[in-house]
Structures are given as C-alpha cells and as structure tokens.
C-alpha cells in the first residue's frame, strides 16, 4: 500500500535543471501557453468538463531558494522547459515567491531564516485586543513587501512580460493571524469576543487586498489566476487563498469569525479559489456557501498529503454547482486512474493535477483521464 514518504522535502516537487533567462526560449513558451488557452476558455464556459495539469514544481523555490530571485527564476524557467514534455491542458507558470508572512511584516514581525529553509515568523502579540491596537504599516512599505515586489519586477524584466506569472503564495487572514499573535490566544478570543476576532481578520484581509493590488498592477497582462498551487490561466477566475487553519475551528465559529475576511479577498479579485491542506471534507457544506467561490483545491492521494480527502465526497458536493475542483494526486498511473474513477460525475468541473514521473506514463494517464471524465 502506498504511503506518504516522510523522507521527501517536497512530495509535489519535480527535479529540474536551472535555465538562465537569456537561454530560455521565451517566445516558444509564450506560444505554447497561448495555444492552451483555447481549451481552457471552453472549459470555463462549460457547465462541466475536465482539464489535466501536470504541475512541474521546483521544490527549492519553496524553501531557501525563494530568497534568491536569480536562482529562483532560473529554477522555474527550468520547470517551464521540462513541463512542455508532459501532455497536459494547462501550462505551468512562474511565481515570484518570497515566503509567506508578508502580512505579519505589516505588524512589525521579522523573517527568520534558518539554513536552507523557507522563512518562519515569530508572533509578537498575546491577544486580539493588543493587535487591534496596532497601526499596521501598508505591506508594500515593509522591507519584505518591497523585496517581494522587486522580485516580481525582476521576473517581468527578465522575461519581457511574455510568460504567465502568478501572485505570491497567498494566505488567508486565519492562516496569517498565527504569525502575528499567539494562535492559542486567538482561538480563545474567538470564544470570548468573536466580534473582535472577526474585526481583526477583516483588517488583515484589507491589508492583503491593498498589497495584492500593487502586485497585480506590476504583472499586468502576464498575470494568471488563481495562482500558486492551482492550475492557472489568464482566463481562469478567482484568487487562490490558502486557509489550512480551518481544520482547527468548528463550522459555526468559522462562519462567525473567519468567513467574511476570506470572502473580502475573493470579492476584490473576481472570485475565491479555496485551498486547505489535509482532510477538510467535513467543512464542505459550509464552505460551499462562501460568497464568490469559484474553485476548491484538495489532495486526494496519500502520496500528496498524509491525510488525503476522499474523492467521492468532493465530487458529490461540487457536482452541478459550477465550482471547479482542483484535484491534486501524486502517484503513478494506476493510483491516478483509481482516484479519477472515484471522481466521475456527469456534471462536475474538475482539473486533475498529476505528477506522473515520466512523459510516457503522463501521456497514458492523460488519455485515460479524458476517457473517464
């Protein structure tokens, strides 16, 4: 039986060779990506359907390499080059990523770099009331915010704006609050004064929206959505937001405290594409009610996440709603096919995200997925 491999730094990563910007064929990849847009647009307009996305993720970019814009871009260009060998309907994209925590920087937090890891944050405050008393700095005026925007500008300059580029790894206010204050104290605040907790998350959402508007303006026509862990395109709707801390709250508390803040982010960017790690199927009925929900992302194989979701639960919940399921499944072809069969519903919109190791297996999986769905 397949198991989650705890020896891997990144179970969703693919080994790639860096490619310097001056050696990358930007025009060829731009044409390749543009050709894929026709099928994606048909998918967006249809009430149901399937796309296949073979994500090629350079794992180092989500660790220490996110600090080095030159190395990160070269690795990601290597990933784009490699991705063209795999049969898929959605092209890969670049992501000028500088670690999560940019919102915490607005409240005075500093990045902590340890070895070759991605940055960590140490919370500064001990209560909701204490954080509400802080006058945060706009994120684009913080050191990290400036450097993140400078990294995006570097990607644009080196690619001429011809390649698809997404926003950074966007965390929900509920995910970010633990970078700003003690998370246990926040959970107590959700019970003691839910109105204050909701107000704090809403303020954080407004800070992120302001920052991401600067980011979006910088990327211009190169921008693809939802971004980060989602299959992304210039015509796919919604902004991808990670909300992993949902597994720690009851549905009632989440609705009372956190739902409005993540809805604000979706409203500002044409819809909400929702992600949580782990098994969060128990919250599906509640999450389906989020305003502006366009897409849900989840892991469906144990090689992807040690606590994967059951495919049938998501398929039943989303069939007929028009909400796209971004279904990630690390594994060989038999694992992918078994998982896809569990998703088969006549009125479901699904993007199957595969990680088949070689091009031949990916090609066979691609044909099988389209035949099943």
- Message: Just to be sure I follow: if Rg is taken over the C-alpha atoms of region 66-170 and Rh is the Kirkwood radius over the same atoms, what is Rg/Rh?
- Response: 1.07
- Rank by packing, highest mean first: peptides 124-133, 274-283, 19-28, with packing defined as the count of other Cβ atoms within 10 Å averaged across residues. 274-283, 124-133, 19-28
- Task: Please give the calculated 222 nm ellipticity per residue for the chain, where each DSSP H segment of at least 4 residues contributes -39500 (n - 2.57) and the sum is spread over every residue; nearest 500 deg cm²/dmol?
- Result: -12500 deg cm²/dmol
- Message: Cβ neighbours within 10 Å, averaged per peptide: list 134-140, 225-231, 255-261 in order, most packed at the top.
- Response: 225-231, 255-261, 134-140
- Along its principal axes, what span do the Cα atoms of the chain show, with the longest given first and each in whole Å? 57, 47, 40
- Of all DSSP beta bridges in the chain, antiparallel share, percent nearest 5: 10 percent
- Note on the structure: Taking 182, 358 and counting other beta carbon atoms within 10 angstrom, the fewest-first order is 358, 182
- Task: Given the options 334, 123, 18, state which has the largest fluctuation in a GNM of the chain using a 10 Å cut-off (strictly under) for Cα springs.
- Result: 334
- Task: Run the numbers on region 21-372 and let me know its relative contact order in percent, using alpha-carbon pairs under 8 Å that are six or more apart.
- Result: 18 percent
- Query: For residue 372 and residue 17, FRET efficiency with R0 = 30 Å and r from the beta-carbon atoms, rounded to 0.05?
  - Reply: 0.35
- If 176, 304 are placed from fewest to most neighbouring beta carbons inside 10 Å, the sequence is 304, 176
- Query: Tell me, 250, 11 in order of fewest to most beta-carbon neighbours within 10 Å?
  - Reply: 250, 11
- Task: Using only the Cα atoms, work out Rg/Rh for region 129-208, with Rh taken as the Kirkwood radius, to two decimals.
- Result: 1.11
- R0 = 51 Å: FRET efficiency of residue 35 with residue 203, Cβ-based, nearest 0.05? 0.75
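Rule-based calculations on the coordinates, nothing more; no lab input. Quantities reported herein were computed from a predicted structural model and do not represent experimental measurements. Please note: Cβ atoms are built from the backbone with ideal geometry, for glycine as well, and neighbour counts cover all protein chains shown.
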